[in-house]
Amino acid sequence: MKMLKNMFDKSLAALLSVTILSMVAVAFWGVFTRLVMKNQASFTTEYLRYALLWTSLLAGAYCFGEKGHISITFVKDMFKGNALIALNVITEMVIIFFAVTVLIYGGIQGVKLGMNETSPTLFVRIGYIYMVLPISGVFVTFYSVSNLIDLFVKKDSEGEKNL
């Protein structure tokens, strides 16, 4: 599982790097055309808006993989042992439910609806832009399942140490 998670991490980091670098290049081009050429390239604003959407959702998924997301720890700190494991399992199951229903299922519905609409300056179907929703949902679901497996592998290894 670690090898698969490592592969997901690297592919997601590469995708995020490409989106951020492209945003920097397009923003630079937009500023250059506005200030030097006195006529801003029309696609830059729209591209940056959509690229920010992709970057935000993919970076959020990456945070789940790194366990760097915001959590309310004062509730977790009240639990110990099996109760803490149960709380962590419930938390991961809620995250999986949200990722599958809202990001994956809802995202697929949004992609289908968006295929009938085209971006005015990029001339790309909006459905392709919305495709980040199910993609990030798959990443979040994978990371949450990985966290669940880690919970039980960690518990089993602790049980073996106590024997």
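The values are calculated or read from the model by the stated rules, or taken from the named source; none is laboratory data. All of these numbers come straight from a predicted model, not from anything done at the bench. Note that each Cβ is placed from the backbone with ideal geometry, even for glycine, and that neighbours are counted across all protein chains shown.
Tell me, yes or no, whether region 52-71 has at least one residue that is assigned to a helix (DSSP H, G or I), exposed (fewer than 11 other Cβ atoms within 10 Å of the Cβ) and among the aliphatic types (A, V, I, L, M). No, the conditions are met nowhere in region 52-71. State whether the residues of region 16-28 include one that is in a helix (DSSP H, G or I) and within 16 Å of V140 (Cβ to Cβ). Checking region 16-28: at least one residue is in a helix (DSSP H, G or I) and within 16 Å of V140 (Cβ to Cβ). L133 passes every criterion in (1) free of Cβ contacts under 8 Å to residues at least 24 places away in the same chain; (2) of a type outside the set (F, W, Y); (3) under 13 Å from W54 (Cβ atoms) apart from (1).
Any residue at all in region 26-44 that's polar (S, T, N, Q), touching a Ser or Thr at 6+ places or on another chain (Cβ under 7 Å), surrounded by 11 or more Cβ atoms within 10 Å (Cβ to Cβ) and farther than 30 Å from S144 by Cβ? Checking region 26-44: at least one residue is polar (S, T, N, Q), touching a Ser or Thr at 6+ places or on another chain (Cβ under 7 Å), surrounded by 11 or more Cβ atoms within 10 Å (Cβ to Cβ) and farther than 30 Å from S144 by Cβ. State whether the residues of region 82-90 include one that is over 27 Å from the mean Cα position of the chain (by Cα) and part of a helix (DSSP H, G or I). Checking region 82-90: at least one residue is over 27 Å from the mean Cα position of the chain (by Cα) and part of a helix (DSSP H, G or I). Looking only at region 6-19, decide whether some residue is under 18 Å from V145 (Cα atoms), modelled with pLDDT under 90 and exposed (fewer than 14 other Cβ atoms within 10 Å of the Cβ). No.
Between T121, T73, T141, which is without any contact (Cβ under 8 Å) to a residue 24 or more places away in the chain, out of contact with any His (no Cβ under 9 Å at 6 or more places or on another chain) and among the polar types (S, T, N, Q)? Working first, answer last.
On the way: T121 fails: without any contact (Cβ under 8 Å) to a residue 24 or more places away in the chain; T141 fails: without any contact (Cβ under 8 Å) to a residue 24 or more places away in the chain.
Unique residue meeting the criteria: T73.
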